[in-house]
Amino acid sequence: MPDLPKNTALLLIDLQKAIDDPSWGVRNNPQAESNVGRLLSHWRQGNMPIIHVRHISQFENSTYRDGQQGVEFKEIAQPHPGEVVVTKHVCSAFIGTDLEARLRDSGSQDVVIVGAITNNSVEATARVSGDLGFRTIVVSDATFTFGRQDFDGRLHPAEEVHAMSLANIDGEYAHICTTGEVLQMAGTS
């Protein structure tokens with residue numbers, strides 16, 4: 001992967017308090033938020049574009065439903081003044097929002113995606129991003145998911161669900177990189 005230009009956008013997906021609700025189950029990558037913090041710090045120091053994506057669910061039983069504490073950003077992902085916040089109501093951050101227009105208007109052709117949930121909003125956003133022609137990077141150790149039961153009733157651990165989701169998008173839609181690799185491409189380690 002070549003170096004990342006200064007207008008590479010960092011997309012923070014659904015890093016809200018809702019994701020800490022015990023109803024989600026056991027997750028992988030307990031260090032994900034720490035890695036998000038490392039990337040966010042670099043982007044802020046470099047005055048690079050940061051876009052916080054907030055999910056407001058339309059499902060009554062969702063931990064992301066409007067009007068409850070779950071919609072608040074996690075401490076590590078609190079937007080600073082001047083940072084863009086995009087609100088979505090479906091999995092992909094591009095659907096029903098002005099995200100694509102914001103990226104194109106700023107000249108960003110490169111997108112780095114971090115956040116939750118790997119096999120849901122992260123994967124959906126990466127797929128659309130790749131289809132729209134953005135060079136997309138999903139940061140494997142700054143994203144996370146939860147165990148999931150398949151249609152045969154077998155429970156797959158979070159690590160397995162995460163790995164399969166990354167495999168689904170690797171190559172055609174996105175490049176899969178670690179936090180260290182992204183920081184190196186962005187000019188620091």
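Quick look at the values:
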item: Alpha-carbon centroids, the stretch 114-189 and the stretch 50-112: separation in whole Å; result: 17
item: Vicinal HN-Hα couplings computed from phi for the stretch 158-174 (Karplus, 6.51 cos²θ - 1.76 cosθ + 1.60; Hz; Gly/Pro x); result: 3, 4, 6, 4, 4, 4, 5, 4, 4, 5, 4, 9, 5, x, 5, 9, 7
item: Helix-only mean residue ellipticity at 222 nm for the chain, each DSSP H run of n ≥ 4 adding -39500 (n - 2.57), per residue, nearest 500; result: -8000 deg cm²/dmol
item: Packing rank of 16-24, 132-140, 78-86, 119-127, where each peptide gets the mean count of other beta carbons within 10 Å, highest leading; result: 119-127, 132-140, 16-24, 78-86
item: Residue-wise HN-Hα coupling along the stretch 24-36, computed from phi with Karplus coefficients 6.51, -1.76, 1.60 (Hz; x: Gly, Pro); result: 6, x, 8, 10, 9, 6, x, 8, 4, 5, 4, 5, 4
item: Inter-probe distance in nm under a simple model that places probes 7 Å from Cα toward Cβ, at E172 and R102; result: 2.8
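Readers should treat all values here as calculations from the given coordinates under stated rules, not as data from a laboratory. Note that the structure is predicted; figures quoted are calculated from it, not measured. With ideal geometry, Cβ positions are generated from the backbone for all residues, glycine too; neighbour counts draw on all protein chains shown.
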